[in-house]
1. Based on what the data block shows, is LEU223 touching a Leu at 6+ places or on another chain (Cβ under 7 Å) and within 16 Å of the ligand (Cβ to nearest atom)?
2. Which of the following residues is surrounded by 15 or more Cβ atoms within 10 Å (Cβ to Cβ) and assigned to a helix (DSSP H, G or I): GLN163, GLN206?
3. GLU236 is checked against (1) part of a helix (DSSP H, G or I); (2) in contact with a Leu (Cβ under 8 Å, 6 or more places away or on another chain); (3) more than 16 Å from the ligand (Cβ to nearest atom); (4) not hydroxyl-bearing (Ser, Thr, Tyr) and fails just one. What number does that condition carry?
4. Out of (1) more than 29 Å from HIS60 (Cα to Cα); (2) within 16 Å of the ligand (Cβ to nearest atom), the odd one out for HIS197 is which?
5. For residues that are in contact with a strand residue (DSSP E or B) (Cβ under 8 Å, 6 or more places away or on another chain) and assigned to a strand (DSSP E or B), scanning just segment 247-279, find the one that is farthest from GLY233 (Cα to Cα).
6. Just for segment 115-136: of the residues that are within 11 Å of the ligand (Cβ to nearest atom) and surrounded by fewer than 22 Cβ atoms within 10 Å (Cβ to Cβ), which one is modelled with the highest pLDDT?
7. Evaluate segment 92-99: report whether one residue or more is within 16 Å of the ligand (Cβ to nearest atom), under 16 Å from the mean Cα position of the chain (by Cα), closer than 18 Å to PHE226 by Cβ and touching a residue at least 24 places away in the same chain (Cβ under 8 Å).
8. Spot the failing condition for GLU38; the list is (1) surrounded by 17 or more Cβ atoms within 10 Å (Cβ to Cβ); (2) at pLDDT 90 or above; (3) over 17 Å from ASP247 (Cα atoms), and only one is missed.
Amino acid sequence: MKMCENLDEALNRPVPTFLGDGLRRVTYQTERIDLRAEVVQHVFAAGVTEVPLPLEDLHHHIIPEYQIYPSRLSTNLTGTIPSLSRAYRDLVKHVAREVLGFDVVFEANPPMRFHFPVPMPNQFRSKDGILMAQHSDTLLGDYFEGINCWVPFTRCFGTCTLQCLPLSESISVLTKFVKDLDLDNASYRSGRERFFHKLYFDENLQQRVLLNCRPFEIDYGELLMFDPRIIHGTAENIESATRVSLDFRLVPLKAYDAIMRCFELNGEAPPEFAGMAKVKGAFYDERTAFQI
Ligand SMILES: [Fe+2]
């Protein structure tokens, strides 16, 4: 049976114009969508600070148990205050209507991450002790037509921001990974652990990723949109700053409908993540951005 997506074509598809060279910085008005104020309230409501505090300085005020990776403050949005989820949906609406100009399907319950300046666990280290957590979300079953979004609530720089490879280098690395392991579509879509494994043991790949990975400097009020083929990851935060961020995924509605039609015609099951099918009403919200 023909699969809905040819892996080689998907890996080499042209970058959509709305993503520029694969990484696009977007701004929004924080007076209108004040996500950070909601996150500060989330921390306060969790009872770990006696007063609402600036997020950048949290590591000076919170007990070490809350800072160990993954922090107990990190949660998906439904695990926090409802006003934060509302602000997230306002941001999705803004991105669809004001930035992209077309409707999108959006992640229903995205993760918010607190990244304190503490050592990362050894499970993410290569045999030389280097932190290697880089990956592309397409290795987790994300659709190639999707859009990764990364929203900082603190000023992010150096080792406390997202580290990204350029798109062309990412495609080249992923293409070689597919060839070296002779992967088919299905094994690629659940290939993150195999990618990590190769990253830990293949010194050439390690060097290539480390040499080309760059921190994406970004501040509150900005959002990074990027092609899901981009290889990205967290570094060991050695800055004197806490990083708090939200990451979520969009799929242009037209592309989503075409993907679902093909699955239906082929009798293919949509991919899953954490037991949730990557469809509306499960991984994605049942409404589109234009319906909220
Ligand atoms: Fe990711």
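1. Numbers: touching a Leu at 6+ places or on another chain (Cβ under 7 Å): no; within 16 Å of the ligand (Cβ to nearest atom): yes.
The answer is no for LEU223.
2. On the way: GLN163 fails: assigned to a helix (DSSP H, G or I).
So the residue among GLN163, GLN206 that is surrounded by 15 or more Cβ atoms within 10 Å (Cβ to Cβ) and assigned to a helix (DSSP H, G or I) is GLN206.
3. Failing condition for GLU236: (1).
4. Going through (1) more than 29 Å from HIS60 (Cα to Cα); (2) within 16 Å of the ligand (Cβ to nearest atom) one by one, HIS197 breaks only (2).
5. Start the filter on segment 247-279 by keeping residues that are in contact with a strand residue (DSSP E or B) (Cβ under 8 Å, 6 or more places away or on another chain), which leaves 247-253, 256, 259, 269-271, 278.
Now narrow it down to the ones that are assigned to a strand (DSSP E or B): 247-252.
On the way: ASP247: 12, PHE248: 14, ARG249: 16, LEU250: 19, VAL251: 21, PRO252: 24 Å.
Here the answer is PRO252.
6. Start the filter on segment 115-136 by keeping residues that are within 11 Å of the ligand (Cβ to nearest atom), which leaves 133-136.
Imposing the further condition that a residue be surrounded by fewer than 22 Cβ atoms within 10 Å (Cβ to Cβ) reduces the set to 133, 135.
Values: ALA133: 90, HIS135: 96.
Once the filter is applied, the top-ranked residue is HIS135.
7. Keep residues of segment 92-99 that are within 16 Å of the ligand (Cβ to nearest atom), which gives none.
No, segment 92-99 has no match at all.
8. All conditions are met except number (3).
The values are calculated or read from the model by the stated rules, or taken from the named source; none is laboratory data. Computed from a prediction, not measured in an experiment: that's the story for all the values here. Positions of Cβ are generated from backbone atoms using ideal geometry, with glycine treated the same way; all protein chains shown enter the neighbour counts.
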